[in-house]
1. Between A:GLU81 and A:GLN154, what FRET efficiency follows from the Cβ-Cβ distance if R0 is 35 Å, with the result rounded to 0.05?
2. Calculate how many DSSP beta bridges within the protein assembly as shown are antiparallel, expressed in % of all such bridges and rounded to the nearest 5.
3. So what is the relative contact order of segment A:1-81, in percent, for Cα pairs below 8 Å that sit 6 or more residues apart?
4. Got a sec to turn the phi values of segment B:25-31 into Karplus ³J(HN,Hα) couplings, 6.51 cos²θ - 1.76 cosθ + 1.60 with θ = phi - 60°, whole Hz, x for Gly and Pro?
5. Compute the convex hull volume of the Cα atoms of segment B:65-162, divide it by the residue count, and report the result per residue in Å³ as a whole number.
6. Taking H placed 1.01 Å from N in the peptide plane, check which residues at least 5 places from B:PHE42 or on another chain put their amide H under 5 Å from its amide H.
7. Over segment A:1-56, one equal point on each Cα, no solvent: what is log10 I(q)/I(0) by the Debye formula at q = 0.21, 0.31 Å⁻¹?
8. Distances in nm, one decimal, shortest first, from B:LYS188 to the same residue in every other copy, taking the label point 7 angstrom along Cα→Cβ.
Number of protein chains: 2
Amino acid sequence: MSHSVGLIVEYNPFHNGHALHLQTSKQLSNANMVVAVMSGFFLQRGEPALLPKWERARMALMAGADLVIELPYYYSVQKAELFAEGAIKVLSELGVHSVSFGSENGDIQDFKELISFIQQHQSEWDELVRMEMKSGKSYPKATSNAFEAINSNQKPSLSLSQPNNILGYHYLRAIEKFAPTMEAYTLKRTSAQYHDEQIPIESIASATSIRKALFEEKNLHLIKHVVPTSTWDILSQYEQAFNSFQQWESYFPYLQYQLITSTHEQLREIYECEEGLEFRLKEAIKQSTSFSDFMNKIKTKRYTWNRLQRLLTHILTQTTKKEIDQLLALETLPYLRLLGMSSRGREHLRKNKKEINTPIISRFANAFGPLKELDERVAATYATGLPNIARGNGMSSEYKQIPIQL
Amino acid sequence: MSHSVGLIVEYNPFHNGHALHLQTSKQLSNANMVVAVMSGFFLQRGEPALLPKWERARMALMAGADLVIELPYYYSVQKAELFAEGAIKVLSELGVHSVSFGSENGDIQDFKELISFIQQHQSEWDELVRMEMKSGKSYPKATSNAFEAINSNQKPSLSLSQPNNILGYHYLRAIEKFAPTMEAYTLKRTSAQYHDEQIPIESIASATSIRKALFEEKNLHLIKHVVPTSTWDILSQYEQAFNSFQQWESYFPYLQYQLITSTHEQLREIYECEEGLEFRLKEAIKQSTSFSDFMNKIKTKRYTWNRLQRLLTHILTQTTKKEIDQLLALETLPYLRLLGMSSRGREHLRKNKKEINTPIISRFANAFGPLKELDERVAATYATGLPNIARGNGMSSEYKQIPIQL
């Protein structure tokens with residue numbers, strides 16, 4: 001019988017650290033099949049993916065994933081809590097038995113202790129987080145401070161100030177809520193740290209340092225030793241075809257245009273546009289000459305960089321509160337978008353057909369409802385930032401593309 | 001005492017035909033001062049001007065205009081009737097005594113006869129136009145057919161099937177309504193026809209053929225003999241600085257992005273989006289690879305090319321029905337934007353200070369109200385289509401620019 005392990009990923013791009021995590025997770029969980037739930041065109045940090053979801057799905061399959069399913073936009077461009085809930089829901093719906101995530105901590109017991117600790121101090125915790133946020137702290141800072149402030153001399157050792165620990169904490173909470181029988185594993189992130197900026201000499205580098213090498217050094221060769229050959233080939237082909245990778249700067253003219261032509265009322269309808277941010281954005285955009293210039297003008301202590309980037313992503317894709325709230329309110333996922341599969345993945349879907357109640361969409365033509373509208377707009381918006389020569393093809397590729405099969 | 005003649009212009013770009021018209025109009029009307037009311041960044045045909053209003057105002061001043069005043073966007077990107085009303089209102093407000101326009105016909109008596117003829121047959125005329133439009137004809141075609149169909153053997157000789165005759169007809173109607181003491185002159189358009197596509201050997205060419213030389217032949221030298229030296233210098237400098245002139249194709253990515261991310265409901269709120277055009281546009285834009293490709297996909301017999309281009313301009317600038325209707329409903333113009341003046345023009349403004357009730361705005365900082373919002377958005381949208389290196393400057397230039405003074 002097949003036993004599957006789920007991974008929650010962005011693969012931006014897939015690198016040796018991901019490959020190690022994939023293989024180790026498989027061994028650790030005794031699985032013979034890997035299901036990756038992956039963000040699509042835009043990522044949790046509120047930025048466009050380096051290259052389209054199809055290329056990234058291929059990277060995952062070439063490196064051993066058996067199924068790659070898209071985490072829908074309304075869960076992927078989200079704060080950790082909702083991102084985690086969406087990912088766990090997708091894995092659970094696919095009949096995946098366990099999940100394995102990377103964390104700075106690396107000990108699943110620490111996560112479990114933290115969760116039961118917070119549950120024991122729930123009302124104190126809620127009040128502390130509320131107070132911290134009221135005083136202008138960002139959510140991650142507020143939870144971290146709340147944790148410090150709880151009056152107890154038996155505190156768990158897990159730190160909530162590190163990004164992958166925070167995500168892991170939310171995975172476990174989501175499992176508790178939506179998939180109580182799912183088993184969780186965590187692996188300590190090796191050598192490379194999430195925010196490392198330099199490509200190390202060893203073969204494991206952070207995705208951040210890889211992106212830096214691509215955009216600042218503009219040198220693909222710098223990363224050859226830190227990604228699998230298959231990733232390398234896909235990156236090289238993409239660079240040859242499009243002459244660049246996607247980043248916020250490619251979308252800046254459109255963001256600027258959108259902010260200038262939108263009224264304050266229209267901006268207020270956009271998801272995550274709160275507390276008068278529309279005035280701040282419309283004022284700052286006038287004098288901004290690049291995305292990073294703009295970000296530096298609008299950042300405040302109150303909002304994390306990622307929170308602001310997510311808002312800007314929603315403005316770029318014109319995604320409204322009404323639309324996201326409507327989708328989040330659904331009891332079940334409208335459909336799952338299949339990005340790629342191995343023969344083992346195909347077999348898994350065939351065998352579990354009866355248990356999987358959510359439609360699995362292989363062609364865009366079969367998508368439906370409000371999520372289809374959102375998916376279509378997001379794909380076209382992503383294509384908007386492609387070089388002129390590629391934009392037309394980019395727009396129509398979403399309609400034609402079928403799942404990658406190995 | 002100064003006697004002024006008004007010209008209604010777009011100068012896209014200013015050429016020898018315009019220079020001839022300017023000088024002849026001055027003589028014919030016995031004027032010692034020329035007031036030009038000029039479309040700003042976007043034109044009556046629903047397209048971006050080749051180069052910004054400031055450069056075009058300078059061309060006009062160098063060639064003998066004394067005052068250049070902007071025809072506000074809500075009158076300039078309009079069908080002939082409203083375009084004419086706006087222009088006559090501006091001239092009248094400035095105390096201009098006469099207006100002189102070019103026409104295919106060239107005899108002002110023919111225009112006056114046509115107007116009194118239509119007034120005599122008003123109800124029959126209205127009914128005929130209504131029927132023609134109901135059967136799917138465009139407005140120009142409908143009026144032309146209505147004219148043919150009127151049962152009379154004493155028809156005036158003016159043809160309403162030629163674009164400048166139609167405009168002239170509406171100038172005279174607007175004078176009757178808003179400036180009954182204003183005198184009207186018309187000059188027959190010489191050699192070059194409005195839609196001529198080739199640069200002729202003589203020194204008079206149509207603006208259409210000039211634009212064709214700039215965009216298709218990409219050769220500024222082809223037009224050197226058909227524009228004044230001052231125009232030539234301004235065009236050359238602009239080309240050197242920006243490496244291109246503005247045309248719809250430069251804005252196509254933004255139009256496409258806007259159409260893709262707007263909902264049908266949002267599009268329906270845009271000025272001139274009628275009769276389900278929003279569905280046609282959203283469907284066609286997906287597969288379009290250029291502006292001309294898109295236009296060819298959406299054109300129908302019912303709408304003229306210009307009518308569709310105007311709608312697309314309003315979509316690009318996100319100008320709503322509500323906004324335009326509100327501005328058109330005003331008793332008076334909110335303000336007049338001064339683009340340039342000669343010393344004689346300055347003197348005219350000084351002398352007529354008491355009679356001019358509308359504020360004359362020399363700096364954007366002094367603009368106000370809904371027209372300011374519209375002007376700001378239109379200027380920034382125009383700047384959006386500039387090459388990357390120039391976009392930032394383009395955005396802020398509207399705030400800094402003061403009237404051109406000679």
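1. For A:GLU81 and A:GLN154, the calculated efficiency is 0.85.
2. Percentage antiparallel, nearest 5: 20.
3. This gives 35 percent for segment A:1-81.
4. Values per residue, Gly and Pro as x: 4, 4, 5, 4, 9, 6, 8 Hz.
5. Considering the Cα atoms of segment B:65-162, their hull volume per residue is 129 Å³.
6. B:ALA49
7. -0.80, -1.20
8. Taking the point 7 Å beyond Cα along Cα→Cβ, the inter-copy spacings are 9.5 nm.
Since every read-out is calculated from the coordinates, none of them should be taken as a lab result. Everything numeric in this text was worked out from a predicted model, so none of it was measured. Every residue, glycine as well, gets a Cβ built from its backbone with ideal geometry; the counts of neighbours run over all protein chains shown.
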